[in-house]
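Engineer: I have a structure I would like to understand better, so I am pasting it below and will then ask my questions one at a time.
Throughout, read-outs are computed from the coordinates displayed, never taken from laboratory work. These numbers were taken from a predicted model, which means no experiment stands behind them. Cβ atoms come from the backbone with ideal geometry, glycine included; neighbour counts cover every protein chain shown.
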Amino acid sequence: MDPRLLTLLSRLQRSRFADLAGSEARATIRVSAGLLNEAAATFAARGAAVRDLVIRPRAANHIDVSLKLARPAFLPSLTITLAIERQPQFPANPELVLRLTGAGGMMRLLGPAVSSFGQLPPGVRLDGDHVFVDLSTVLLEHGQGELLDYVEQLQVMSEEGSLIVLAQLRVR
């Protein structure tokens, strides 16, 4: 990328996009399974409870997740299906709620093992048959917390092979 453009973008970000005040943007972002898995591998916490992770977005807001727990090592890989149950509401409740379905019932039993043998990434918690993803905590953990200042609405959906993020942003 042209260094002059990077300098301009950096200045805009430092000013909290003051020169774009009043601007709005709506975006539909399709994230392929390949990119999603690359990002998950890049941002996975060291020493996490999950050793191997493969995410496969499916149609109708379902996501298959194959995982292998780090400990105990003798456990086989599991494949669970997550259903998107509740969308985040900004700024009041930035949690995306996913429900474990199918073999997810087994994860409910393994939840205490996940908690005792390692940790889930910051902002992700397992409670019964639900996975809660606090998008605010996830973004803060990766140094992107300021993005929350611009989010008015965010919706996560899936189709076969892609995760879809619908975003409405505003510079105040």
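Engineer: What is the distance, in nm, between label points placed 7 Å from the Cα along the Cα-to-Cβ direction at Asp2 and at Glu152?
Structural biologist: 3.0
Engineer: Report the gain in length on full extension from Ala60 to Val165: 0.36 nm times residue separation, minus Cα-Cα distance, nm rounded to one decimal.
Structural biologist: My answer for the length gained is 36.4 nm.
Engineer: How would you order 149-161, 21-33 from highest to lowest mean count of nearby Cβ atoms within 10 Å?
Structural biologist: On the way: 149-161: 16.1, 21-33: 11.8.
So the order, starting with the most tightly packed, is 149-161, 21-33.
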